[in-house]
Amino acid sequence: MTTVSQYHQRTKHRFNRYAKGPETLDWDDQPDPFRRFEGCEIVSLPSPGVDLSVSWRQLDRPRQIQTQALSLDTLGLFLELSFGLSAWKQYGPDRWALRNNPSSGNLHPTEAYLINNVSALMPQGVYHYASYHHHLERRAAFSAAEVNDSLLIGLTSIAWREAWKYGERAYRYCQLDIGHALAAMRYAAAALGWRLQLLTVYNDQEIAALLGVDRVDEFVDGERETPDLLCRIDYKNADEFSTSIEREREILLETLQQADWYGKARSLGAYHMYRWSIIDEVEKAAEKRDHQLIGVSEAGQTVIESAGQANVSSIIRQRRSAQHFNQHAEAMPTSNFYRMLSMLMAENNPLLDVWPWRPATHLALFVHNVEGLSPGLYCLPRSQAALLTLRQQFSDQFEWRSVDQFPSLYALHDADLKQIAKALSCHQAIAANGAFSLGMLTEFKDNVEQSDWHYRRLFWECGYLGQILYLEAEALGYRGTGIGCFFDDEVHSLLGFSDDELQSLYHFTVGEALLDSRIQTFPAYGHL
Ligand SMILES: Cc1cc2nc3c(=O)[nH]c(=O)nc-3n(C[C@H](O)[C@H](O)[C@H](O)COP(=O)(O)O)c2cc1C
């Protein structure tokens, strides 16, 4: 078995044993969720919180959204809507920040860096985005005249932040968070009339060199960042860049070798009580080593249009995870249910264009309370090609009745599955009390056999779909919650899987949220 497969098997939660994690947690000693570099020049960004006049429904046709000129204002807004704070919460003496991108356990392992070549915007260089201060820290200075219009954004993960709480399973959560972050950036870009391209041509070593996270002496031991992905921000929305992606790669790699670097990462503070060596091993095994350049996907076209009048910026800022759902809520109208499902399909969601690979993630849905649909188990293959595999893998006891109003959805089995959904999702009531919950089934075996790094790509795809669900739910007046805690093989055996052809990597739930009035809310950037 490969290291990646071993890791995957070993970090499955089981009914009789959770994946290995710390036995005790000192909550006062949580790793700092805000990375800071000391000794860097700071570039202030204009005040956060500005509203855009783009409504949610306009995202159905992103090409028609007016392209905002690139400036520190619009760049600041892009960063804020992707990674900035959304609120502070307080309960008794505990106070914590929430962000526009969600994160497993609110631990936020994802860090974001800009590689700026637009000299009219700010001096060329590599910048770390510090969400707490909403400013940029200039990590590197360089000049690369030949690519004087390119602006890239790269993401990295600090696995230790997640591992502190979740132990060995943490690596999975970091990857899911990257998928959420990628989608968060795509939606923020769309609100500004911009696009985003995932640059598959870079391997991990190159991303690390460009972002400076391979400069180990500038990070505290055990708190290093691993590279994840790099995107080009298409702020002209015109496919018009002076340099090709391949040429830009050559120039940047050469330029960054001669750049001047500044600053040192401040310690995240917490005492490292446990070492999870399996995370170091899987990180290494799942490193992306290839340079395959894959173009942008064709943009999908919505089939069920949004009626959302609210600003995109306010939907993004108000997105929250529901901690409780109203189990007595009225049934969710099918139009809302189908709108959400349709936006998960690449051919129907223009904002899935950043995902360059064919869909490899499909849904097993536990429908609890949707108008006109019998409660039960449903399956949504996200590609026609996958239907056959899914039917072969699922137990042959299921019916596979195509649903008239939404023919790509199949009804498998009518039943009240609330208690089962709850039990499978680590006994969390949120999986039972909403309108529906679901498991994301990935084409695991083929992808991981092709390349170990595809393991991460599958989680990213799940995270991306999760972020679409969060935002679409919010725009429709519902709320979602990502569910990283579930009993893997118990889900698989319920569906009838006999091998690892398909594996569930993420769960999600949507419904009418109940708010906890004991928790107080404060403005996101009141501290500035
Ligand atoms: C990958 C992932 C897994 C999550 N798993 C769970 C979970 O199992 N149970 C839960 O109640 N919330 C879960 N959440 C929700 C997070 O706790 C939530 O995003 C975080 O506390 C930040 O709050 P916010 O989403 O309201 O900004 C998950 C979120 C993500 C992104």
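No lab work stands behind these numbers, since they all come straight from the coordinates. Keep in mind it's a predicted model, so treat the numbers as computed, not measured. Ideal geometry is used to build each Cβ from the backbone, glycine not excepted, and the neighbour counts take in all protein chains shown.
Here are the numbers for the structure shown:
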item	result
Convex hull of Cα atoms in the chain, direction-averaged projection (nm²)	22.3 nm²
Net length gained if the chain between Gln520 and His133 were fully extended (0.36 nm per residue, minus Cα distance)	137.2 nm
Within straight-line cross-link reach of Lys89, lysines at Cα separation under 24 Å, skipping those fewer than 8 residues along the same chain	Lys165
Extension gain, Arg10 back to Glu23 (0.36 nm per residue minus Cα-Cα distance, nm)	3.0 nm
Helix-only [θ]222 nm of the chain, DSSP H runs n ≥ 4, -39500 (n - 2.57) each, per residue, nearest 500	-8500 deg cm²/dmol
Inter-site label distance for Ala331 and Ser267 at 7 Å from Cα along Cβ, in nm	5.9 nm
Label-point gap, in nm, between Ala141 and Arg63 - each point 7 angstrom along Cα→Cβ	4.3 nm
Under Karplus coefficients 6.51, -1.76 and 1.60, residue-wise ³J(HN,Hα) of segment 497-510 in Hz, glycine/proline x	6, 10, 8, 9, 3, 10, 9, 7, 10, 6, 10, 8, 9, 9
Sorted by Cβ neighbour density within 10 Å, fewest at the top, the residues Phe486, Phe522	Phe522, Phe486
Extended-chain gain in nm, criterion 0.36 nm per residue less alpha-carbon gap, Val50 and Asp404	123.1 nm
Total charge dipole magnitude, the chain, about the Cα centre, Cβ charges on Lys, Arg, Asp, Glu only, Debye to nearest 20	940 debye
Separation of the Ser277 and Gln397 label points, Cα + 7 Å toward Cβ, nm	4.4 nm
Whole-Hz couplings from phi, Karplus 6.51/-1.76/1.60, listed for segment 203-215; x for Gly and Pro	8, 5, 4, 5, 4, 4, 5, 5, 8, x, 7, 8, 8
Protection proxy ranking of 342-350, 319-327 - average other beta-carbon atoms within 10 Å, highest first	342-350, 319-327
Per the chain, cysteines lacking a partner by the 4.7 Å Cβ criterion	Cys40, Cys174, Cys231, Cys379, Cys462
Pairwise Cα inverse-distance average, inverted: Kirkwood Rh of segment 324-511 (Å)	16.4 Å
Ranked list, fewest to most other Cβ atoms within 10 Å of each Cβ, for Phe34, Phe337	Phe34, Phe337
Amide H contacts of Val370 (H built 1.01 Å from N, under 5 Å, at least 5 apart or other chain)	Met332
Inter-part distance where segment 253-283 and segment 326-394 are each reduced to a Cα centre, Å	38 Å
Whole-angstrom gap from segment 403-455 to segment 188-240, using each part's C-alpha centre	31 Å
Residue-by-residue Karplus 3J(HN,Hα) for segment 108-120, coefficients 6.51, -1.76, 1.60, Hz, glycine and proline x	6, x, 7, 10, 10, 10, 9, 10, 9, 10, 8, 5, 6
5 angstrom amide H check on Asp234, placed H, neighbours 5+ away	Arg195, Leu196, Gln197
Fewest-first sequence of Met340, Met440 by Cβ atoms within 10 Å of each Cβ	Met340, Met440
Charge dipole of the chain about the Cα centre (unit charges at C-beta), most positive-ward option of Cys485, Leu412, Ala307	Ala307
Folded to 0 to 90 degrees: helix 72-83 orientation relative to the chain principal axis, Cα	40 degrees
